[in-house]
1. Is the stretch 100-121 home to any residue that is in a strand (DSSP E or B), surrounded by fewer than 23 Cβ atoms within 10 Å (Cβ to Cβ) and in contact with a strand residue (DSSP E or B) (Cβ under 7 Å, 6 or more places away or on another chain)?
2. Can you tell me which residue within the stretch 157-177, out of those that are on the phi < 0 side of the Ramachandran plot and at pLDDT below 95, is surrounded by the fewest Cβ atoms within 10 Å (Cβ to Cβ)?
3. May I ask you to list the residues in the stretch 73-99 that are touching a helix residue (DSSP H, G or I) at 6+ places or on another chain (Cβ under 6 Å) and in a helix (DSSP H, G or I)?
4. Report whether or not residue 321 is in contact (Cβ under 8 Å) with a residue 12 or more places away in the chain, in a loop (DSSP other than H, G, I, E, B) and in contact with a helix residue (DSSP H, G or I) (Cβ under 8 Å, 6 or more places away or on another chain).
5. Tell me yes or no: at least one residue of the stretch 293-300 is touching a residue at least 40 places away in the same chain (Cβ under 8 Å), surrounded by 24 or more Cβ atoms within 10 Å (Cβ to Cβ), within 21 Å of residue 146 (Cα to Cα) and not assigned by TED's automatic domain parsing to the domain that holds residue 120.
6. For residue 231, state whether it is closer than 15 Å to residue 196 by Cβ, surrounded by fewer than 17 Cβ atoms within 10 Å (Cβ to Cβ) and touching a helix residue (DSSP H, G or I) at 6+ places or on another chain (Cβ under 7 Å).
7. Filter the stretch 244-256 down to the residues that are part of a helix (DSSP H, G or I) and over 17 Å from the mean Cα position of the chain (by Cα) and list them by number.
């Protein structure tokens, strides 16, 4: 099996970017250890604090965010970082060439039940003409990403990553201490009979999504003429990983629960990096209005609806919005 750096060099990735990626993955190895300690590390349960998203922080959320932030900023490679857990961006090296956005621990509700969680990250080039403490640097469309990935803390610690030359899988080899390439150029099946959506929100969806899912549930007796299975893990990293492995469609549509927050997923920390991975694997990642990676951000904590996965199924879903 090929080690990380040679695999990245095969995709013509610069040495500076490889160094940054290795730094990011060093943080994920430490987070993986903390996750594995569970009860033993005293990191289960919630704090008394809310993050900028208005969500109660888990103890492991805080630890993962501090680890990620400190390790990346100390590297000197980045001009600034932005995190789902931070109020605004955090300045780094004024001469740093990169920007890193991340969700340090996706799927926090799964922590206390020992279920799937993960880390999502995205890398952009840093503008030279802007100050390191200016959060507007991060207002770049997803198609300008130069690297994106996630690390899934499951039975094995697994990395899915792209630098624009396909989506590849790596596994953390604990005997060697690094990530090894296990699958190059992952491809998502064009058709599927599996969907992933939080059905508990069904009554709040727009009519188009309700109609689409209702037709899936009718199976062979409906207009789709085939039976579908539903899967939902409560962590985007886990649901997207399943789509990459065996196809499917994942959706977190707009809903009417809170008129001020019709969307759940964050553009920079979740939607854009996942869109990059999905598109590089031959899938689609959209909102009802178009491609997610074409959205011009207006805020670093901007939220969007997400529909992603097998290309033919995503297109079938979008027809309900025509």
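The values are calculated or read from the model by the stated rules, or taken from the named source; none is laboratory data. None of the values given here were measured: they were computed from a predicted structure. Ideal geometry is used to build each Cβ from the backbone, glycine not excepted, and the neighbour counts take in all protein chains shown.
1. Going through the stretch 100-121, the residues in a strand (DSSP E or B) turn out to be 100-106, 117-121.
From what is left, the residues that are surrounded by fewer than 23 Cβ atoms within 10 Å (Cβ to Cβ) are none.
Checking the stretch 100-121: not a single residue is in a strand (DSSP E or B), surrounded by fewer than 23 Cβ atoms within 10 Å (Cβ to Cβ) and in contact with a strand residue (DSSP E or B) (Cβ under 7 Å, 6 or more places away or on another chain).
2. Among residues in the stretch 157-177 that are on the phi < 0 side of the Ramachandran plot and at pLDDT below 95, the one surrounded by the fewest Cβ atoms within 10 Å (Cβ to Cβ) is 175.
3. Result: 75, single match.
4. Working: in contact (Cβ under 8 Å) with a residue 12 or more places away in the chain: yes; in a loop (DSSP other than H, G, I, E, B): yes; in contact with a helix residue (DSSP H, G or I) (Cβ under 8 Å, 6 or more places away or on another chain): yes.
For residue 321, the condition - in contact (Cβ under 8 Å) with a residue 12 or more places away in the chain, in a loop (DSSP other than H, G, I, E, B) and in contact with a helix residue (DSSP H, G or I) (Cβ under 8 Å, 6 or more places away or on another chain) - is met.
5. No, because not a single residue in the stretch 293-300 is touching a residue at least 40 places away in the same chain (Cβ under 8 Å), surrounded by 24 or more Cβ atoms within 10 Å (Cβ to Cβ), within 21 Å of residue 146 (Cα to Cα) and not assigned by TED's automatic domain parsing to the domain that holds residue 120.
6. So residue 231 fits the description; yes.
7. 246
One line per residue, one yes/no per condition, for (1) assigned to a helix (DSSP H, G or I); (2) closer than 20 Å to residue 311 by Cβ; (3) without any contact (Cβ under 8 Å) to a residue 24 or more places away in the chain; (4) under 21 Å from the mean Cα position of the chain (by Cα):
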residue: 211; (1), (2), (3), (4): yes, no, no, no
residue: 225; (1), (2), (3), (4): no, yes, yes, no
residue: 237; (1), (2), (3), (4): yes, no, no, yes
residue: 242; (1), (2), (3), (4): yes, yes, no, yes
residue: 258; (1), (2), (3), (4): no, no, yes, no
residue: 263; (1), (2), (3), (4): no, no, no, yes
